[in-house]
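Chemist: Before I ask anything, here is the structure I am working with.
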């Protein structure tokens, strides 16, 4: 009588090859391809194409505002500054700012402020934007700051900081737009002429999901 051959179900299942499904393999391959392509293209875009802008400022007091401001006897000052913002666009496409605001401060105290008009800078180009920063109602400085300002003014070492915020997009109070902030320090006083251009430290938020951001 022939002997029956025993077959273990577990061995049969273990030796079965997984079924090859072309759609599933193709979709998985394409997802990996798109992911790694995105990883390579995004850094290239922001490193070589969407380069951040460069800004410089020139600050000049109007009239005798600087001398009056540096007088130790001045309990309240109302300075006016003429500011020229030099914008350099290193991107290949136009870059626009709808509006902005600026301020001049000494030792952390704001002594003048105002609005910055909107402007556009062509691709790989530059533009100068003039505007005024004023303090019409006057500002009172502590006595020790007035003394420090007068002493620094005499030796031409009065350091003023210009802060500017520019906005791309937006247009209303609820959505002012994507900000670009900058800080620019310049020395004045002592009869010396202010430098032609002072480089600014710029902080701009890049939009990683809006490739076409020529606002």
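Chemist: Can you tell me which residues in segment 119-145 are on the phi > 0 side of the Ramachandran plot and touching a helix residue (DSSP H, G or I) at 6+ places or on another chain (Cβ under 9 Å)?
Modeler: none
Chemist: Same structure, new question: What number of residues within segment 83-103 are assigned to a strand (DSSP E or B) and under 12 Å from residue 120 (Cβ atoms)?
Modeler: Matching residues across segment 83-103 total 4.
Chemist: Could you identify the single residue in 134, 62, 104 that is surrounded by 13 or more Cβ atoms within 10 Å (Cβ to Cβ) and modelled with pLDDT under 90?
Modeler: Going through 134, 62, 104 in turn, just one is surrounded by 13 or more Cβ atoms within 10 Å (Cβ to Cβ) and modelled with pLDDT under 90: 62.
Chemist: Scan segment 137-162 residue by residue and report those that are surrounded by 19 or more Cβ atoms within 10 Å (Cβ to Cβ) and part of a strand (DSSP E or B).
Modeler: 158, 160, 162
The values are calculated or read from the model by the stated rules, or taken from the named source; none is laboratory data. The model shown is predicted, which means the values in this text are computed figures rather than measured ones. Here the Cβ is made from the backbone with ideal geometry for all residues, glycine too, and neighbour counts use every protein chain on show.
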